[in-house]
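Trainee: Sharing a structure here in structure tokens format.
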Amino acid sequence: TVAIQDQRLIWVSSGDSPLWLWRDQKIEPINILHHGMYLGPPENIQAKVAEELLGNAAKTFENDQLIAFLLVLTHFSFYVTHKSLSQEKAETLFTMMGQQLGAPLPFSLDELMKPWHPAHLLCAHQLPIWGSLNLMPGDRILLASDGLEEGVSGITKRQLTEILGLEKSMPEITKELLKQVLRKGGFDNCTLWLRGI
């Protein structure tokens with residue numbers, strides 16, 4: 001799901017629905033596909049995940065503390081998984097996690113920088129990932145269900161870039177994308193949402 005407010009995109013993602021940014025005649029994926037196939041939220045998911053990470057100490061924290069801690073942790077995990085976390089940003093996020101809890105964390109920053117740390121695996125299986133970015137005039141945001149993936153639709157990244165760059169209205173571009181998906185046979189569901197900035 002996405003929300004756009006004051007030129008800022010905020011997104012939450014799990015499973016296999018791609019979110020793309022078209023900018024300067026290029027497209028880049030914003031989210032990671034197949035992230036744990038989160039189906040949530042079961043009852044008290046925050047408390048359950050926090051207890052696995054923090055042990056019995058989790059019961060001493062307020063729910064708001066746990067939610068804030070887990071939001072920062074999922075953000076941290078996203079960047080580690082994406083291999084795009086600088087040391088400076090890692091230190092900032094790590095400090096924020098400690099501040100949210102108001103207590104020492106049960107793992108070190110060096111441990112958490114490893115992609116296979118249990119905290120990242122737990123986030124991947126129990127929590128959706130999220131992020132935000134500033135949008136610029138001319139940007140186009142495409143949110144689609146998995147029927148748009150190349151293995152299903154046959155639309156390559158190059159073709160997708162060309163279609164999103166057409167000098168047409170957003171509804172016309174969306175219709176062109178859907179036409180290309182159906183040309184392959186439409187082997188999976190394909191919902192498309194396109195927004196120009």
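Trainee: Out of Asn134, Asn189, which single residue is in contact (Cβ under 8 Å) with a residue 60 or more places away in the chain, open to solvent by 50 Å² or more (accessible area, probe 1.4 Å) and either on the phi > 0 side of the Ramachandran plot or among the polar types (S, T, N, Q) (or both)?
Mentor: Just one listed residue meets the conditions, Asn134.
Trainee: So if I check each of Leu166, Leu160, which one is assigned to a loop (DSSP other than H, G, I, E, B) and more than 18 Å from the chain's Cα centre (by Cα)?
Mentor: After ruling out the rest, the residue left standing is Leu166.
Trainee: Can you confirm whether segment 151-161 contains a residue that is closer than 16 Å to Leu9 by Cα and surrounded by fewer than 19 Cβ atoms within 10 Å (Cβ to Cβ)?
Mentor: no
Trainee: Something else about it: What residue, of Leu143, Leu127, is among the hydrophobic types (A, V, I, L, M, F, W, C), at pLDDT 90 or above, surrounded by 13 or more Cβ atoms within 10 Å (Cβ to Cβ) and under 21 Å from the mean Cα position of the chain (by Cα)?
Mentor: Leu143
Trainee: Report, by residue number, each residue of segment 162-186 that is open to solvent by less than 70 Å² (accessible area, probe 1.4 Å) and either of a type in the set (D, E, K, R) or in contact with a Gly (Cβ under 7 Å, 6 or more places away or on another chain) (or both).
Mentor: Across segment 162-186, the qualifying residues are Met170, Glu176, Val181, Gly186.
Trainee: Just to be sure I understand, how many residues within segment 94-115 are aromatic (Phe, Trp, Tyr) and farther than 16 Å from Leu70 by Cβ?
Mentor: Number of matching residues: 0.
Trainee: Now, a different point. Looking for something touching a Ser or Thr at 6+ places or on another chain (Cβ under 7 Å) and not in a helix (DSSP H, G or I) - is there at least one such residue anywhere in segment 103-123?
Mentor: Checked against the condition, which is being touching a Ser or Thr at 6+ places or on another chain (Cβ under 7 Å) and not in a helix (DSSP H, G or I), segment 103-123 yields at least one hit.
Trainee: Only one of (1) under 22 Å from the mean Cα position of the chain (by Cα); (2) open to solvent by 10 Å² or more (accessible area, probe 1.4 Å); (3) not small (Gly, Ala, Ser) is not met by Gln99, so which one is it?
Mentor: (1)
Trainee: Would you please name the residue that is surrounded by the fewest Cβ atoms within 10 Å (Cβ to Cβ), looking only at residues in segment 1-36 that are farther than 20 Å from Leu127 by Cβ and of a type in the set (Asp, Glu)?
Mentor: Taking the candidates together, the pick is Asp6.
Trainee: Out of curiosity, is Lys89 out of contact with any Cys (no Cβ under 8 Å at 6 or more places or on another chain), charged (D, E, K, R), free of Cβ contacts under 8 Å to residues at least 40 places away in the same chain and open to solvent by 20 Å² or more (accessible area, probe 1.4 Å)?
Mentor: Against the criterion (out of contact with any Cys (no Cβ under 8 Å at 6 or more places or on another chain), charged (D, E, K, R), free of Cβ contacts under 8 Å to residues at least 40 places away in the same chain and open to solvent by 20 Å² or more (accessible area, probe 1.4 Å)), Lys89 qualifies.
The values are calculated or read from the model by the stated rules, or taken from the named source; none is laboratory data. Remember, predicted model here, so these are calculated numbers, not experimental data. Note: ideal-geometry Cβ built from the backbone for every residue, glycine included; neighbour counts use all protein chains shown. Remember, those area values only see protein heavy atoms, side chains included, never the ligands or the DNA or RNA. Shrake-Rupley method; radii C 1.70, N 1.55, O 1.52, S 1.80 Å.
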